[in-house]
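A.B. asks: Before I ask anything, let me first share the structure, which is written out below as structure tokens.
The values are calculated or read from the model by the stated rules, or taken from the named source; none is laboratory data. Keep in mind that what you see is a predicted model, and the values were worked out from it rather than measured. Here the Cβ positions follow ideal geometry from the backbone for every residue, glycine too, while neighbour counts run over all protein chains shown. Side chains are part of the model used for accessible areas, which takes the heavy atoms of the whole protein and leaves out ligands, DNA and RNA. Shrake-Rupley method; radii C 1.70, N 1.55, O 1.52, S 1.80 Å.
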Amino acid sequence: MSSWRWWELLRLRLRSLGQRGRVETELKKELSYHLERQTEENMAAGMNEREAREAARRVFGGVSQVEEECRDMRGTQYLENFVQDLRFAARTLEKNLSFTVVIVLTLALSIGANSAIFSVIDGVLLKPLPYPKADRLVRIFYRSDNYPKFPLNPWDFLDFRARNRSFESMAIYTHADLQLSGAGGDPVKLSVFRISSGYFRVLGVQPARGREFDFEEERPNSGDVVILSDRLWRNQFAAAADILGRKVMLDSQPFTVVGVMPPGVDHPGNTYNAVAYGDTVDAWTTFTFEGDSNRRGSHYVEGIGRLKPGVSAEQAAADFNSIMAQLATVHSNDRGWTIYMNPLYREVVGPVQKLLVVLLGAVGLVLLIACVNAANLLLARATARQAEIAVRAALGAGPGRLIRQMLAESLLISLMGGAVGLLIAFGGVRVLVGLLPPGFPRANSIHVNGTMFAVTAAVAIGTGLIFGLVPAVQAARTDPQKGLHGAGRGSGGNRRQTRLRAALVAGEVGLACLLLVGAGAMLRSFVNLLRLDPGFRPEHVLTAEIALPEANYKTTESISSFYQSLLDKVRALPGAHAAGAGTDLPWTGYDDNMGGFVFEGRRKPGPDNESHARYHVASPDYFKAVGIPLLSGRYFDARDVKRSQRVLIINDAMAKTYWPGEDPVGRRLSFDDNPKESDWFTVVGIVGDVKDTPGSSAAEPAFWWPLAQEPFGFGGMKVVLRAESDPVLLTDGLRLAVREIDPSLAVAHIRVMDRVLDEQYSTPRFALFLVGLFAALALVLATIGIYGVISYSVSQRMPEFGMRVALGATGWNLMVMVIREGVLLTGVGVAIGLVCAVLFSRVLDNLLYNASARDPLTLVGVALVAMITASLASLPSARRATNSDPMTSLRAE
């Protein structure tokens, strides 16, 4: 067929559909014209008018048949029949509004929940990262026996970059907090990343104004330059057109603005400093390579690279491991390390991928349960319509025609459910985004879009086919003769439909139990987290962050003096109980590690058993302010100054790891391979364990230097105030105290410690809420299913119940009989659900804390809930059975 002929045929078919009334009128006119011409020819041949017209009709073989043949030749009869079926289905559903409302709302809730969850998954998991050819971006880490992922050493990075054969470009970066001053108004604390040249080339983005950093600016004393974010440029500099080349004051030092980034440049995430993907980045400065290039023991920079076309992350890792082996022959600190590369996408979404897949599975089960419920309702309705279906079959409707008619009804129901579900999804997406835990990756990518509309439509159509197919096939099997004689009461067809409905409900109960087990396991996990002793006392504690400019606070003495003055001032505030400062807060994911220290009187461990511990800095009253208990020895005090004996406080995990069965107080350790007398630190106290996060398996070994003796000059500290009542009342006093000492400093991230804990509980609470909500919805749907099956069974057995009453059965006997039927039906579903829960329990293991879906208490609890629910669902039907009239049954017999 030529293309012209094909388009002409398509045009005619579309015309037949779009202008059906006009086409039908033209058809009738044309047939009438031919009939009249044939009649005239017959009359000319000598027939009278009546004989001529009858003869003409015989020639045509019947006008109605010709019309049908013409309609069939258009090729649109199936669609026309489908439209007719939809119209009939709409009239039928309109006559039974209660049935329509129940089934549409059931489907709408499940379709809406699926669409909302899909929007989250689409934004987080399915959309590519917002960088050109993002699949070629990888994160670069060290790996060893003790550390599966560890930051890089900057000097190693320079060797990697010089010998690189796998990457188009690569860069390193690390996080810092800097003070912006002189821009008008109070000082502002900025979140800044120090980046090597080529960082933005790796990401595939360019400054909207100006340029990126070059290699020369990585050198020490090359001049301080900065690139501003679009947000900072607009908020602090009023989108000044002359911003390029302007000097801005960061940490009291002048930086030259060389670029402004476009809006929405997402930070790719930072493991070492626990900065999440997409977190706010205010500015970027150059990372300068300073110090001795032979000292490779410090690992504190994050690596990222863009692979060359055709090079995989595994191939690049193998290439870099060969470089690492060469470096290890020259630098002893590089021994024992290998290179690990992880695609950036996996690094960003990996922590939440399993959670989202579990939620999608849970909401998918709810949709399946809703389909089963809808199928049960349609089966019951088909039973009530057996007489109608039998008449249609007797008039010549074949099984295919009956199936199409029933499917048209189920599709109309599902499309209405999809339309209402789409409205639910709009609100659901907003609710879900509001419930997402802080730092949830790619939360700003979650939107209602065309993909969600398409998925909702596909789900609605698929749902209609799924729940409508079984009732349609059952209806097509209706025996016309039995259907015309009382709809086949007591027939095998009814028994077959009853068994089918019971099987569907058993499966529905099984799916609900599977969800209930998951919700129960998550509930136990969350309760375990709430019962967990955090190792500190968070109540009545106010926290804030202060970053001291390195230019003004260059020595440990100056840093210590500032914080000592500040703590003296805030300690004197009315309502203040204790005040301290430290480099970290409990439960915030702090992960700075130090390794390779030696113990007095012991040989240095080999590289395969190297000592390591978290390191911190704290003022004397830090532990009292946070509420970390002292187990042995003493806290830091006024004796621990710069020139006094060098001391440490360790946690209980470090004591048990490196001095098992001994008292470490008074023991000494050093961080130098060949320590002098002045290099030894004495353990003066042991404090309780505090885990990095509540879900951590155990606390890591950790130690604290006193603020006055710490060796690295940490200017950024967390100030902790313990109040006698409401800690928020100390906020103004803290700000005033800082301003009195140094007006150029900003006080940032002021919050109560209870909020820190609440944020750590947010992810398991989010998962528990959604899975619990879906499980509750599934239980309600299963209850409706049980009620429907038992109610239908009782209505069919009313004559039997009447006979039983006539033979002496009591109302209690009948109630027990009906409830037992519901409980047995539920028992089958419970057994199916619990077996599936045990088989799929590992899916939840990574999301649980000290809990399991295989826990007997959870399984037994779910079984009891299901059985009690089945009893309650069967109770109304059981009470109806007791009202059966024995005289009515005897007359019927």
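A.B. asks: Just the number please: accessible area per residue for the chain, 1.4 Å probe, all protein chains included, in Å².
C.D. replies: About 46 Å² of surface per residue is accessible.
A.B. asks: What is the gain in length, in nm to one decimal, between THR810 and CYS836 on full extension, counting 0.36 nm per residue of separation less the C-alpha to C-alpha distance?
C.D. replies: Contour length minus the Cα-Cα distance gives 5.4 nm.
A.B. asks: How much of the accessible area of region 151-336, in percent, comes from carbon and sulfur atoms when a 1.4 Å probe is used?
C.D. replies: 46 percent
A.B. asks: Against the longest alpha carbon principal axis of the chain, how many degrees, from 0 to 90 and to the nearest 10, is the axis of helix 344-384 turned?
C.D. replies: Tilt relative to the chain: about 20 degrees.
A.B. asks: Here's something else I'd like to know. Check LEU178: other-chain or 5+ apart residues with amide H under 5 Å from its amide H, H built from backbone geometry?
C.D. replies: Sorted by chain and number, the residues that satisfy this are LEU190, VAL192.
A.B. asks: Quick one: of the DSSP bridges fully inside region 550-743, what percent are antiparallel, nearest 5?
C.D. replies: 65 percent
A.B. asks: Output the 0 to 90 degree angle, nearest 10, between the alpha-carbon long axis of helix 3-18 and the longest principal axis computed from the alpha carbons of the chain.
C.D. replies: For helix 3-18, the angle is close to 70 degrees.
A.B. asks: Expressed as a whole number of Å, what is the distance separating the alpha-carbon centroids of region 103-165 and region 796-825?
C.D. replies: 60 Å
A.B. asks: Take the solvent-accessible surface of the protein heavy atoms, probe 1.4 Å, and return the percent of it on region 550-743 that carbon and sulfur atoms account for.
C.D. replies: Result for region 550-743: 48 percent of the exposed heavy-atom area is carbon or sulfur.
A.B. asks: Taking one equal scatterer on every alpha-carbon of region 550-743, how large is log10 of I(q)/I(0) by Debye at q = 0.15, 0.17, 0.18, 0.19 1/Å?
C.D. replies: Debye curve over Cα of region 550-743, log10 I(q)/I(0) at q = 0.15, 0.17, 0.18, 0.19 Å⁻¹: -0.94, -1.17, -1.29, -1.40.
A.B. asks: Å³ per residue of the Cα convex hull, for region 414-458?
C.D. replies: Taking the convex hull of the Cα positions in region 414-458, it is 70 Å³ per residue.
A.B. asks: Here's a follow-up. Place a label point 7 angstrom from the Cα of ASP186 along the Cα-to-Cβ direction, then list the residues of region 555-576 whose backbone nitrogen is under 17 Å away.
C.D. replies: Backbone N within reach: 570.
A.B. asks: Between LYS642 and GLU800, how many nm apart are label points set 7 Å from Cα along the C-beta direction?
C.D. replies: Label-label distance for LYS642 and GLU800, simple model: 9.5 nm.
A.B. asks: Here's a follow-up. Averaging the inverse of every distinct alpha carbon separation and then flipping it gives the Kirkwood radius. What is it for region 250-308, in angstrom units?
C.D. replies: 14.7 Å
A.B. asks: How are the C-alpha pair distances of the chain spread across 10 Å bins, as whole percents from the shortest bin up?
C.D. replies: The percentages, shortest bin first, are 2, 9, 14, 17, 15, 12, 10, 8, 6, 3, 1, 1, 0, 0.
A.B. asks: Also, I was wondering about something else. Expressed in nm², what is the orientationally averaged projection area of the convex hull enclosing the Cα positions of region 274-349?
C.D. replies: 7.0 nm²
A.B. asks: A further question on this structure: Cα axis of helix 313-328 to longest principal axis of the chain: angle in degrees, 0 to 90, nearest 10?
C.D. replies: Helix 313-328 sits roughly 10 degrees off the main axis of the chain.
A.B. asks: Among residues other than LEU848 whose Cβ falls under 14 Å from its Cβ, what is the net charge (Lys/Arg +1, Asp/Glu -1)?
C.D. replies: With Lys, Arg at +1 and Asp, Glu at -1, the net is +3.
A.B. asks: Here's something else I'd like to know. Positive end of the dipole of the chain, charges at C-beta (+1 Lys, Arg; -1 Asp, Glu), about the Cα centre: which of VAL838, GLY788, VAL865 has its Cα farthest in that direction?
C.D. replies: Among VAL838, GLY788, VAL865, the one farthest towards the positive end of the dipole of the chain is GLY788.
A.B. asks: How big is the gap, in Å, between the Cα center of region 340-360 and the Cα center of region 723-756?
C.D. replies: Between the Cα centres of region 340-360 and region 723-756 lies a distance of 37 Å.
A.B. asks: For the chain, give the magnitude of the charge dipole about the Cα centre (Cβ charges: +1 Lys/Arg, -1 Asp/Glu; no others), in debye to the nearest 20.
C.D. replies: Charge dipole, the chain, about its Cα centre: 3160 debye, nearest 20.
A.B. asks: If you don't mind, another one. Positive end of the charge dipole of region 752-833 (Lys, Arg +1 and Asp, Glu -1 on Cβ, about the Cα centre): tell me which of PHE801, VAL771, THR826 has its Cα farthest that way.
C.D. replies: The one lying farthest along the dipole's positive direction is PHE801.
A.B. asks: Please compute the modelled spin-label separation between VAL527 and ALA238, points set 7 Å along Cα→Cβ, answer in nm with one decimal.
C.D. replies: Computed distance between label sites ALA238 and VAL527 equals 6.0 nm.
A.B. asks: To continue, here is another question. Report the Cα-based extents of region 151-336 along its three principal axes, largest first, to the nearest Å.
C.D. replies: 54, 36, 29
A.B. asks: OK, next. Distance between the C-alpha centers of region 174-236 and region 651-712? Whole Å please.
C.D. replies: Using only Cα atoms to place each centre, the spacing works out to 37 Å.
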